[in-house]
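First comes the structure, then the notes that go with it.
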Amino acid sequence: QVQLVESGGGLVQAGGSLRLSCAASGGTFSMYSMGWFRQAPGKERELVALISASASNPYYVDSVKGRFTISRDSVKNTVYLQMNSLKPEDTAVYYCSAGLFATRTGGGMEFWGKGTLVTVSS
């Protein structure tokens, strides 16, 4: 059983930066693929970024490529999402997820955090 706790959300102006953190406990962090999803009001949840257990070849949705970076720290059992050049369209609740059998498209995630709100003002 894995527990995930997100932090780092808040209010930021367009063009600004924010770093989200997700602390994992209760499992072997190094064996899990980790992902960041987001959901805006009235919209479906979408995969933003995904990093494998090996941390090789991370995935990003096209809308955030070049602006967001996902990384993981095996010592701290934490995954990060560095968000630069933020746009109002990035406003959403961001969720951290983990899965041993996650697919490249984000399927198979087993555990979820409760989310952290990111609001980008214009």
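The values are calculated or read from the model by the stated rules, or taken from the named source; none is laboratory data. All of these numbers come straight from a predicted model, not from anything done at the bench. Quick reminder, even Gly has a Cβ in these numbers, built from the backbone with ideal geometry, and neighbours come from all protein chains shown. Areas reflect the complete protein model, heavy atoms only, side chains present, ligands, DNA and RNA absent. Shrake-Rupley method; radii C 1.70, N 1.55, O 1.52, S 1.80 Å.
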It is to be established whether one or more residues within the stretch 27-44 are more than 17 Å from GLY66 (Cα to Cα) and basic (Lys, Arg). yes
I'd like to check something: does the stretch 47-63 contain any residue that is in contact with an Asp or Glu (Cβ under 8 Å, 6 or more places away or on another chain), open to solvent by less than 50 Å² (accessible area, probe 1.4 Å), modelled with pLDDT of 95 or more and over 16 Å from GLY8 (Cβ atoms)? yes
Residues that are over 15 Å from the mean Cα position of the chain (by Cα), at least 1 per element: which strands (runs of 3 or more DSSP E) completely within the stretch 1-47 meet that? 10-13, 18-25
If we ask which residues in the stretch 64-83 are over 21 Å from LEU4 (Cα atoms) and surrounded by fewer than 16 Cβ atoms within 10 Å (Cβ to Cβ), their number turns out to be 3
Here are the criteria: (1) surrounded by fewer than 21 Cβ atoms within 10 Å (Cβ to Cβ); (2) farther than 16 Å from THR119 by Cβ. Tell me which single one ALA40 does not satisfy. (2)
Are any residues in the stretch 106-121 open to solvent by less than 50 Å² (accessible area, probe 1.4 Å), closer than 25 Å to GLN1 by Cα and in a strand (DSSP E or B), and if so, which ones? PHE111, THR116
List pairs: first residue in the stretch 99-114 and more than 11 Å from MET34 (Cβ to Cβ), second residue modelled with pLDDT under 90 and exposed (fewer than 11 other Cβ atoms within 10 Å of the Cβ) anywhere in the structure, Cβ distance under 7 angstrom, at least six positions apart or on different chains. GLY108/PHE101
Do you know which of the residues in the stretch 1-21 that are among the hydrophobic types (A, V, I, L, M, F, W, C) and out of contact with any Lys or Arg (no Cβ under 9 Å at 6 or more places or on another chain) is most open to solvent (accessible area, probe 1.4 Å)? LEU11
Looking at LEU86, is it touching a residue at least 24 places away in the same chain (Cβ under 8 Å), crowded, with 19+ Cβ neighbours inside 10 Å, more than 14 Å from the chain's Cα centre (by Cα) and farther than 15 Å from SER21 by Cα? yes
